[in-house]
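A.B. asks: If you scroll down you'll find the structure; I have some questions about it.
Every read-out reported here was derived from the displayed coordinates using simple, explicitly stated rules and does not represent laboratory data. Predicted, not measured: the structure shown is a model, and the values here were computed from it. Neighbour counts are summed over all protein chains in view; Cβ atoms, including those assigned to glycine, are modelled from backbone coordinates with ideal geometry.
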Amino acid sequence: MFEKSDKRRLYQLMDMYLSGNISDKVFCDEFYYSYDLEIDLDTLTAIEKEAFSELSTVSDRFSEFEEDHIKYPKGFYTAEELKQKIIETEEKLQNQSPQ
């Protein structure tokens, strides 16, 4: 796996998640560690900044607990919403080079 400060890690995490190699929670935790804490945003293209920022919003507010969704119906994202946002992000970035 790429270093947490390497933007290629974000692409790798999306691929690992969509192929079923990591769980929702692991994806969200690792995405947070990389995108929010380690990556220099100046290394991202404009489209990467926009796409990863949107994905960060969803992953930061993901909850695997049904009771969270019942108690705060608009406060958290579901596993299906997370997966859909990852797919959308990959589609937006398919012409980007993660180098």
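A.B. asks: Considering only residues that are surrounded by 12 or more Cβ atoms within 10 Å (Cβ to Cβ) and among the small types (Gly, Ala, Ser), look in region 33-69 and name the one that is farthest from the chain's Cα centre (by Cα).
C.D. replies: Out of the qualifying residues, it is SER63.
A.B. asks: Being surrounded by 12 or more Cβ atoms within 10 Å (Cβ to Cβ) and either touching a Ser or Thr at 6+ places or on another chain (Cβ under 8 Å) or not basic (Lys, Arg) (or both) is the requirement here; does GLU30 meet it?
C.D. replies: For GLU30, the condition - surrounded by 12 or more Cβ atoms within 10 Å (Cβ to Cβ) and either touching a Ser or Thr at 6+ places or on another chain (Cβ under 8 Å) or not basic (Lys, Arg) (or both) - is met.
A.B. asks: Which of the residues belonging to region 43-80 are small (Gly, Ala, Ser), part of a loop (DSSP other than H, G, I, E, B) and out of contact with any Phe, Trp or Tyr (no Cβ under 7 Å at 6 or more places or on another chain)?
C.D. replies: GLY75
A.B. asks: Does any residue in region 6-22 that is of a type in the set (S, T, N, Q) come within less than 9 Å, Cβ to Cβ, of a residue that is surrounded by fewer than 22 Cβ atoms within 10 Å (Cβ to Cβ) and part of a helix (DSSP H, G or I) six or more places away or on a different chain, and which pairs are these?
C.D. replies: Going by the 9 Å Cβ cut-off, the qualifying pairs are ASN21/ASP15.
A.B. asks: Name the single residue, out of those in region 81-99 being assigned to a loop (DSSP other than H, G, I, E, B) and touching a residue at least 40 places away in the same chain (Cβ under 8 Å), that is surrounded by the most Cβ atoms within 10 Å (Cβ to Cβ).
C.D. replies: The qualifying residue surrounded by the most Cβ atoms within 10 Å (Cβ to Cβ) is LEU93.
A.B. asks: Then there's this: Looking at region 5-21, which of its residues are in contact with a Lys or Arg (Cβ under 9 Å, 6 or more places away or on another chain) and outside any helix (DSSP H, G or I)?
C.D. replies: Those that are in contact with a Lys or Arg (Cβ under 9 Å, 6 or more places away or on another chain) and outside any helix (DSSP H, G or I): none in region 5-21.
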